[in-house]
Amino acid sequence: MKTIYIKILVFVMFFTGVLQLKLLDIAWENFKIIQALHIVISIVMMLFLIAPFIYKHIQNYFFVKNVRSIDGWLLLCTISLLTLSGFYLFFIGNRGGDIFGTLSFNLHLYGSFILIFFFIYHTNKQQKPNISLQIILASLISFAPLYAQTPKLSLTEIEGKKDAHHSEDWTNSIKCKSCHNDIFEQWSDSNHKHMAGSNPYYMVMETLAGEVEGQEFRKWCMGCHNPSGIATGLGKTTHAMEGNFLSNEMFEKNAKTLKSDFKAQGNFRVEEGVSCITCHQITKAQSKGNASFSLSLDRKKYAFEDSTSDMGRWFNEKLINSNPDVHKKSYSNPLYKESKYCASCHDEFHPKTDIKIVSTFAEWEKSPYNNPKDKSKHKTCIDCHMTNLQNNKFSPLKAVSTDGGVIKDDVKVHYFSGSNHFLSGLKNKTHEDQTIQLLKTSAKLDVDLKEGKLVVGVTNIGAGHHLPTGAADFRELWLDITVKDKNGNVVLSSGKLKDDGNIEIGSRLFQKVFGDEDGKPVGLLFWKYKKLLSDTRIPAGEKRVESYEINKNVQYPLEATIKLNFRIYPQWATDAVKTVYPNLPSPPTIELSKVVKEFK
Amino acid sequence: MKKLLFNALLIAIVVMSIILTISFLTPPKKIPEYNDEKLRELALERGLKPVPDSFEKLLKLVDDTSNPMTPQKIALGSELFFDTNLSKNKKTSCASCHSFDKDIKNRGVLLDTLTKKDQEVTNCAACHLQDQSGVDRFTFSQGDGGAEHPYLLNTQTILNSAFAKYFSWSGEISSIKEQSANSLQDHHKMNLTPKEVEARVNQNPKYVDKFGEVFNDGISFENTTKAIEAYVKTLVTRGDYDRFLEGDNSAMSHEAKRGLANFINFGCKGCHSDISFGGQSIQRFPLREFAQVYDLKLNFEIVPQLKRLDSEFPFENSGGYLGKNNRHLFRVPILRNVTKTSPYFHNGAVPKIREAVDVMARHQLGRHLTLEQIDEIVAFLRTLEGDIVDYGIKEYR
């Protein structure tokens, strides 16, 4: 009577294990429950039922009855191995970083068949086959695949909900941190994370757009800057507060506010902005711009994935780690390596007039970097913007993306370095450093004196798009020139900053200037752009030459100092934002390149 | 020993199945799907009426013979409402906390602040004036000279208070006139004595004439509050919900309509009633699990800690306010524009609307709403958002 319980239990464990086989591919709803039950039942039974039984069984047969059974010992051996591998899988997991995980997984998988073989052999040898039990088992075996083939249950209600998702569907990025710590830390100070409520320039611009064009217009901004907000029905982006004061998020490291909000309100509170989920649940991307991506929050979740308790989440992580295949698949996509994925936001046009405002992807498409035929020359967005830099060179980071996972030769770093060294630099110097290194790879200077003219060439050697790109109407890339004569007197000067921080008039800037209908510069209201007043940006691989007249009567030798300077926002734009965010510092000028040359 | 364990396991399974059966046999309350006409009828029957779209209709609802709302009085009230001279340090007006732009049609404050020099608005106001929320968006109110509210109470919206019967968090005040008299005098608000108010009003020749025109007895403290009352009563808002009630079925989304059905059926409308969706009664909060809220919070770290949350409210009661007579009695807040007025509750302890809805359902209705129901109710509350109605009172005679 007692052994029959043990038999049933062992078979329950075996079948719940078999049902998880990839081969059977059972419906996810069933899989996640079976997986959780398999682990819980196994642990409980092993500790309280099977272990005591084995102990007594051995005592009874080996020591008292003196039975010598080799298959009995083999059975004990396999069951011990299975238990050990099971514990390893649950508590440490098959994360890919160590050989033991894979070993345990395979041992657990194939060992269970060996165990069942020995088990049946062992039990049948000692006594007459118990026919009724065998019938039950046989029927279970034959029904198992049938059960596995039940039609997939419709998983979530998201598809049914027309235009809004629950905040829970937007899994908070804090949850990702517990296993992907390094990636989280990179992202948490990046400009992708701080693109909505914690970005003073953005908040001012979104509010201004709402004021000038009507509140509905904010949604144009929010499509890329705050997709979770828009999907959960928010009409505008909100910023954090600390009591009666504006939060200091602009200067905070490691998403401190997000962490404390998550601690207080859990996933009940929607994480605004671009979270892990936003990018990692994109299924389709059209390279049209203006947030032209399809996002499916409908994914295979392991048991307790949405749990609100620490215990539930802990258990969930163990379930994922023990068999992470489905998790990996549901959060990555070959699409993520292609440039057109980024294009869904990094191209921008006016929603009503279709006038193109930002065309970074279109620029790349026409550049020599888009060369799918020659793989050695083909470079996508992530080859520069998600690759680690060291000593001013691309130096792929050898590290893990999951704690305890496989060491990858080129982990795609989530600093998302672009040109905005300033806002990420307020939080983290590593980010600032990565971005400045990237910026410095982009351009080369050359200087010559021809027919009494100082000729300066700037070549775009590193960027796969125009220089500057993005919101190029708010980027300042310019030449700072000083030429001194024999006596050290300045005979030519250009591109200096005035006392108020703005660049002096007459400087040579590489930028585009937007004009409105009447041909007047649009200033802050960039969406009013109708006529392009000037475009002096440098396309990928091309060179732009500026020449400066030098007075004929100067005394040689001349010493020319030429700097290529970059500033992320013009002073007048920062000054405007400062009226609303008084503690915003002014962005510094970055010297991308410098040449000092003497002409005799 | 083994037998014992087995029996225990069996008992556990039996108990579990009983619990599961009970929950299966008692399904959650189902809210029927109403068609648009039926829903409109239900809402109107329960008094959740629209805000009038003309000044005549508004007068019928809110005018009071003891203080008739004449256009001149309203204009005078508007001047007083935005006058910072009516505070001790001459820096605070009524509109400092009950914020919106004096010119309710003005949509250029932020652009002016960003592009022109020497603008007067503060940095918060530059962005938030356009919200027309009637609150300061702070956690707790701060009056003249930055004085904190002694109980750290959150500012309530002044918009639509014309339709309310009770005022202030405790509901002990029964008219806007009375409340504005308090606000002028409270040391943590405007901080003036009635005599000082009269003196300050007298200093301004513009007021001397206007008071003479409007009131028989000229300038007095009471007349000041009367004029403010007349103006405040015109500060009402209309939103998508009102347009829906007046026949525009497309004004509300399907989700918001479900939210309205939930709002009516779950019993929210029992307290948040009438045109203003609140302000009509004084109620206990929290009603369920009154007056102590216990919550066990388990933490499954390596060393588990069992934390017992034990407080009078389902959130931290900073400021220590306990409602009217310290008996947890509160005026039911007005829900029109509620989605514009975060943070929530008397001390602003709850930052987001979804959590506020959840707290209300749990502790006032004893109901655990599903995520979907909460989202639907929030979608409905958003349709109560609206701009201040411009009745064009100047031309009115």
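The values are calculated or read from the model by the stated rules, or taken from the named source; none is laboratory data. Everything quoted here is computed from the prediction, not taken from an experiment. So basically every Cβ, Gly included, is an ideal-geometry build from the backbone, and we count neighbours across all protein chains shown.
Please specify each residue of region B:117-146 satisfying the condition of being surrounded by fewer than 18 Cβ atoms within 10 Å (Cβ to Cβ) and either on the phi > 0 side of the Ramachandran plot or more than 10 Å from chain A (Cβ to nearest Cβ) (or both). Steps first, answer last, please.
To start, the set of residues in region B:117-146 that are surrounded by fewer than 18 Cβ atoms within 10 Å (Cβ to Cβ) comprises B:117-120, B:122-124, B:145-146.
Hits for region B:117-146 are B:Asp118, B:Glu120, B:Gly145, B:Gly146.
Has region A:322-340 got any residue that is farther than 30 Å from A:Phe100 by Cβ, away from chain B (no Cβ under 14 Å), touching a strand residue (DSSP E or B) at 6+ places or on another chain (Cβ under 7 Å) and modelled with pLDDT of 85 or more?
Scanning region A:322-340, I find at least one residue that is farther than 30 Å from A:Phe100 by Cβ, away from chain B (no Cβ under 14 Å), touching a strand residue (DSSP E or B) at 6+ places or on another chain (Cβ under 7 Å) and modelled with pLDDT of 85 or more, so the answer is yes.
Would you check if there is a residue in region A:92-100 being basic (Lys, Arg) and closer than 16 Å to A:Asn323 by Cα?
Among the residues of region A:92-100, at least one is basic (Lys, Arg) and closer than 16 Å to A:Asn323 by Cα, which makes the answer yes.
Yes/no matrix, rows are residues, columns are (1) closer than 25 Å to A:Thr3 by Cα; (2) surrounded by 13 or more Cβ atoms within 10 Å (Cβ to Cβ); (3) assigned by TED's automatic domain parsing to the domain that holds A:Asp403:
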| position | (1), (2), (3) |
| --- | --- |
| A:Met46 | yes, yes, no |
| A:Pro52 | yes, yes, no |
| A:Ile58 | yes, yes, no |
| A:Lys65 | yes, no, no |
| A:Ser69 | yes, yes, no |
| A:Leu75 | yes, yes, no |
| A:Leu82 | yes, yes, no |
| A:Phe90 | no, yes, no |
| A:Gly93 | no, yes, no |
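Out of all the residues in region B:94-107, is one or more under 29 Å from A:Asp575 (Cβ atoms), small (Gly, Ala, Ser), within 14 Å of chain A (Cβ to nearest Cβ) and free of Cβ contacts under 8 Å to residues at least 24 places away in the same chain?
There is no residue in region B:94-107 that is under 29 Å from A:Asp575 (Cβ atoms), small (Gly, Ala, Ser), within 14 Å of chain A (Cβ to nearest Cβ) and free of Cβ contacts under 8 Å to residues at least 24 places away in the same chain.
Before we move on, is A:Ile58 out of contact with any Asp or Glu (no Cβ under 7 Å at 6 or more places or on another chain), within 14 Å of chain B (Cβ to nearest Cβ), modelled with pLDDT of 85 or more and not in a loop (DSSP other than H, G, I, E, B)?
no
Filter region A:359-403 down to the residues that are aliphatic (A, V, I, L, M) and over 28 Å from A:Tyr331 (Cβ atoms) and list them by number. Show your work before the answer.
Filtering region A:359-403 down to residues aliphatic (A, V, I, L, M) leaves A:362, A:382, A:386, A:389, A:397, A:399-400.
Selection gives A:Ala362 alone.
Can you name every residue in region B:351-380 that is facing another protein chain (nearest Cβ under 10 Å), over 18 Å from B:Cys271 (Cα atoms) and either in contact with a Pro (Cβ under 6 Å, 6 or more places away or on another chain) or touching a residue at least 60 places away in the same chain (Cβ under 8 Å) (or both)?
B:Pro351, B:Thr370, B:Asp375, B:Glu376, B:Ala379
Of the numbered conditions (1) in a strand (DSSP E or B); (2) surrounded by 19 or more Cβ atoms within 10 Å (Cβ to Cβ), A:Glu271 satisfies every one except a single condition; which is it?
(1)
For B:Arg354, only one of the following conditions fails: (1) in contact with a helix residue (DSSP H, G or I) (Cβ under 9 Å, 6 or more places away or on another chain); (2) on the phi < 0 side of the Ramachandran plot; (3) in a loop (DSSP other than H, G, I, E, B); (4) at pLDDT below 95. What is its number?
(3)
Among the residues of region B:71-89, is any away from chain A (no Cβ under 14 Å) and either loosely packed, with under 13 Cβ neighbours inside 10 Å or touching a strand residue (DSSP E or B) at 6+ places or on another chain (Cβ under 9 Å) (or both)?
No, there is no match, as no residue in region B:71-89 is away from chain A (no Cβ under 14 Å) and either loosely packed, with under 13 Cβ neighbours inside 10 Å or touching a strand residue (DSSP E or B) at 6+ places or on another chain (Cβ under 9 Å) (or both).
From A:Gly464, A:Gly470, A:Gly418, grab the single residue that is within 17 Å of the chain's Cα centre (by Cα) and either assigned to a strand (DSSP E or B) or not aliphatic (A, V, I, L, M) (or both).
On the way: A:Gly464 fails: within 17 Å of the chain's Cα centre (by Cα); A:Gly470 fails: within 17 Å of the chain's Cα centre (by Cα).
Exactly one of A:Gly464, A:Gly470, A:Gly418 is within 17 Å of the chain's Cα centre (by Cα) and either assigned to a strand (DSSP E or B) or not aliphatic (A, V, I, L, M) (or both), namely A:Gly418.
In region B:27-51, how many are touching a Lys or Arg at 6+ places or on another chain (Cβ under 8 Å), buried (at least 17 other Cβ atoms within 10 Å of the Cβ) and not hydrophobic (A, V, I, L, M, F, W, C)?
2
The rows are residues; the columns are (1) surrounded by fewer than 19 Cβ atoms within 10 Å (Cβ to Cβ); (2) touching a residue at least 60 places away in the same chain (Cβ under 8 Å).
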position	(1), (2)
A:Gly425	no, no
A:Lys440	yes, yes
A:Ala443	no, yes
A:Val455	yes, yes
A:Val458	no, yes
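For region A:171-218, how many residues meet the condition of being assigned to a helix (DSSP H, G or I) and more than 14 Å from chain B (Cβ to nearest Cβ)?
Residues flagged as assigned to a helix (DSSP H, G or I) and more than 14 Å from chain B (Cβ to nearest Cβ) within region A:171-218 amount to 13.
Run down A:Ser42, A:Ser80 and say which single residue is out of contact with any helix residue (DSSP H, G or I) (no Cβ under 7 Å at 6 or more places or on another chain), under 30 Å from A:Ala303 (Cα atoms) and of a type in the set (Gly, Ala, Ser).
A:Ser80
Can you tell me which of B:Lys189, B:Lys206 is assigned to a helix (DSSP H, G or I) and either closer than 30 Å to A:Thr237 by Cβ or charged (D, E, K, R) (or both)?
B:Lys206
Return the residues of region B:320-338 that are touching a residue at least 40 places away in the same chain (Cβ under 8 Å), surrounded by fewer than 22 Cβ atoms within 10 Å (Cβ to Cβ) and in contact with an Asp or Glu (Cβ under 8 Å, 6 or more places away or on another chain); say none if nothing qualifies.
If the condition is that a residue be touching a residue at least 40 places away in the same chain (Cβ under 8 Å), surrounded by fewer than 22 Cβ atoms within 10 Å (Cβ to Cβ) and in contact with an Asp or Glu (Cβ under 8 Å, 6 or more places away or on another chain), then B:Lys324, B:His328 are the ones that fit.
Looking only at region A:281-296, decide whether some residue is within 16 Å of A:Ser178 (Cα to Cα), of a type in the set (Ser, Thr, Tyr), touching a helix residue (DSSP H, G or I) at 6+ places or on another chain (Cβ under 6 Å) and touching a residue at least 60 places away in the same chain (Cβ under 8 Å).
No, region A:281-296 has no match at all.
How many residues are in a helix (DSSP H, G or I), in contact (Cβ under 8 Å) with a residue 40 or more places away in the chain and either crowded, with 19+ Cβ neighbours inside 10 Å or not assigned by TED's automatic domain parsing to the domain that holds A:Gln286 (or both) when one looks only at region A:314-339?
6
Looking at the structure I just gave you, is B:Arg367 in the same structural domain as B:Phe313 (by TED's automatic domain parsing) and crowded, with 22+ Cβ neighbours inside 10 Å? Steps first, answer last, please.
Numbers: in the same structural domain as B:Phe313 (by TED's automatic domain parsing): yes; crowded, with 22+ Cβ neighbours inside 10 Å: no.
It is false that B:Arg367 is in the same structural domain as B:Phe313 (by TED's automatic domain parsing) and crowded, with 22+ Cβ neighbours inside 10 Å.
Restricting to region A:560-577, what's the tally of residues that are away from every other protein chain (no Cβ under 13 Å) and either touching a Lys or Arg at 6+ places or on another chain (Cβ under 6 Å) or of a type in the set (Ser, Thr, Tyr) (or both)?
4
Looking at B:Arg238, B:Arg243 in this structure, which one is within 24 Å of B:Lys60 (Cα to Cα), touching a strand residue (DSSP E or B) at 6+ places or on another chain (Cβ under 6 Å) and either modelled with pLDDT of 95 or more or in a strand (DSSP E or B) (or both)?
The match here is B:Arg238.
Scan region A:222-259 residue by residue and report those that are assigned to a loop (DSSP other than H, G, I, E, B), within 14 Å of chain B (Cβ to nearest Cβ) and over 30 Å from A:Phe349 (Cβ atoms).
To start, the set of residues in region A:222-259 that are assigned to a loop (DSSP other than H, G, I, E, B) comprises A:226, A:232-240, A:243-244, A:247-248, A:252-255.
Next, from what is left, pick out any that are within 14 Å of chain B (Cβ to nearest Cβ): A:232-240, A:243-244, A:247.
Residues satisfying the conditions are A:Ala240, A:Gly243, A:Asn244, A:Ser247.
Return only the number of the condition from (1) closer than 22 Å to A:Gly223 by Cα; (2) modelled with pLDDT under 90; (3) not in a helix (DSSP H, G or I) that A:Ser344 does not satisfy.
(3)
Go through (1) touching a helix residue (DSSP H, G or I) at 6+ places or on another chain (Cβ under 9 Å); (2) part of a loop (DSSP other than H, G, I, E, B); (3) away from chain A (no Cβ under 14 Å) and name the single condition B:Glu222 misses.
(2)
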